[in-house]
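Have a look at the structure below, then the notes.
The values are calculated or read from the model by the stated rules, or taken from the named source; none is laboratory data. Predicted, not measured: the structure shown is a model, and the values here were computed from it. Note: ideal-geometry Cβ built from the backbone for every residue, glycine included; neighbour counts use all protein chains shown.
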Amino acid sequence: MSRSAHPAGPRHADVLPEGHYAAPPADLNQLDPRVWSRTVGRNADGVVTVGGIDVKTLAEEFGTPAYFLDEADFRARCRAWREAFKGDASKAEGEDADVFYAGKAFLSRAVVRWLDEEGLNLDVCSAGELATALAAGMPAERIALHGNNKSTAEIERAVEEGVGRIVLDSFQEIVRVAHIAQRLGKRQRVQIRVTVGVEAHTHEFIATAHEDQKFGIPLAGGQAAEAVRRALKLDGLELIGIHSHIGSQIFDTSGFEVAAHRVVGLLKEIRDEHGVELPEIDLGGGLGIAYTSEDDPREPQEIAKALRDIVHRECDTAGLAVPRLSVEPGRAIVGPTAFTLYEVGTVKELPGLRTYVSVDGGMSDNIRTALYDAEYSVALVSRASTAEPMLSRVVGKHCESGDIVVRDAFLPADLAPGDLIAVPATGAYCRSMASNYNHALRPPVVAVRDGQAREIVRRETEEDLLRLDVG
Ligand code: LLP
């Protein structure tokens, strides 16, 4: 199985050991709290509950497949990130930091309101995400706009609305944003996204001089320094800082340390050349979560401390005032808060190989397994079982043999059509990357909290499909 080619770019790969099989767990009924959202448990009848409601009731009311999002857990994770990065109030100014939730992981108006209430900012990377954020009432100054090829319309809307920052991604964009801001009589706060020559995923990172990918402006060859030179000259722009994003599903902070070192190095160069100390740096997102029991992610507190320590150390050495820090976690906030609930349709045993369990969704609601060879867990949730573990592959109902949801997992051998199974940790990049392949209807996202469940994104209908098909 090749894990080297990653369609979203090398920095997005989940790296797995070759030929990897976990041993069957001692008890298939147990739900690992690292993988499942916080309010998930089994009731006395062995049925899994979330937010105080059992999955059979949820399936009856909302149907399957569906994503169930644990609102209390989402809010708790927002608070944990916010608290971790707020720093020590007794220390000097500059300790405070901003957490921008990366909306690409999953965005809806309800989510935007939760973020607003929990004091997080928001990173958007398209007109659609920006429109969702504004429609839900997120104050524009707490929004950052990203993207390697923002359209003129996207830039205009962002500048007009007064977004807190636009992250510039190319030399052309520096001029484009400056012109638009000037035409609108504004001075736009911007950061420059640089590529620092660090590629990180999971437990490994590679520090190189050059990076071969589409985002950002390379530090190498003085390109980033030249971008700063140009941005500082343009009246339409207020350059507030430097941005770096090194990858996805990262467990180890050492890649961030190299990135921080190189970003602070650029701040020093800017100070020496222009006599300007830029007040902010953003170290991006990419913090990993547990998709299976073998993953061991860091807590926000630990990540915040590591990032803050390295920024302080580097700034001390360079003789710079410590800039305001921001980070952009997406997956680490929403990923663990949701599971996808499916109904089993067929169970097909291939003797000597494995058992194929077909569910009523598939690659249209979770493309990550097919696209990135991502690993997931799965459990029987509509009842407990004492049957033997059975090596299973959970597949969808699409016309494609690569339509795999969970490649290798153990389910109880008495699994039967009509059982409900759930795949945890599907809060990030599942609904947001869902498709209508085979004219599948995209599942709803149901928020569950304190015994109440409500759709925050409704299920698509055949009417929705036909409305786009103008005949
Ligand atoms: N900031 C920037 C500039 C980013 O490009 C990203 C993700 C994030 C923050 C948030 O990263 P997170 O904390 O969620 O890892 N579809 C892929 C992930 C693509 C990530 C793209 N950029 C996946 O399903 O794994």
Test A374 against the stated conditions and say whether it is within 15 Å of P424 (Cβ to Cβ) and within 16 Å of the ligand (Cβ to nearest atom). yes
Restricting to region 333-366, name every residue that is small (G, A, S) and surrounded by fewer than 22 Cβ atoms within 10 Å (Cβ to Cβ). G345, G352, S358
Of all residues in region 274-295, count the ones that are within 16 Å of the ligand (Cβ to nearest atom) and either under 13 Å from L320 (Cα atoms) or part of a strand (DSSP E or B) (or both). 4
When only residues in region 399-414 that are surrounded by fewer than 18 Cβ atoms within 10 Å (Cβ to Cβ) and not acidic (D, E) count, which is nearest to A59 (Cα to Cα)? A413
Among the numbered conditions (1) closer than 29 Å to T202 by Cα; (2) in contact with a Phe, Trp or Tyr (Cβ under 8 Å, 6 or more places away or on another chain), tell me where H398 comes up short. (1)
In region 214-273, residues that are away from the ligand (no atom under 16 Å from the Cβ), in a helix (DSSP H, G or I) and within 24 Å of R176 (Cα to Cα) total 16
Report yes if some residue within region 340-354 is within 16 Å of the ligand (Cβ to nearest atom), in contact (Cβ under 8 Å) with a residue 24 or more places away in the chain and not assigned by TED's automatic domain parsing to the domain that holds I250; otherwise report no. yes
Subset of region 405-444, residues away from the ligand (no atom under 16 Å from the Cβ) and part of a strand (DSSP E or B), comes to D408, A409, F410, L411, P412, L420, I421, A422
Can you find, within region 162-187, the residue that is surrounded by the fewest Cβ atoms within 10 Å (Cβ to Cβ) among those that are closer than 13 Å to H146 by Cβ and touching an Asp or Glu at 6+ places or on another chain (Cβ under 9 Å)? G164
Filter result for I250 (buried (at least 20 other Cβ atoms within 10 Å of the Cβ) and either in the same structural domain as L283 (by TED's automatic domain parsing) or not small (G, A, S) (or both)): yes
Complete set of residues in region 62-102 that are of a type in the set (K, R) and either at pLDDT 95 or above or under 30 Å from R442 (Cα atoms) (or both): R75, R77, R79, R82
Any hit, region 381-395, residues being free of Cβ contacts under 8 Å to residues at least 60 places away in the same chain and within 14 Å of the ligand (Cβ to nearest atom): no
Taking first residues from region 411-431 that are without any contact (Cβ under 8 Å) to a residue 60 or more places away in the chain and second residues anywhere that are among the small types (G, A, S) and more than 11 Å from the ligand (Cβ to nearest atom), the pairs with Cβ under 6 Å that are 6 or more apart or on different chains are A413/A387; D414/S385; D414/A387
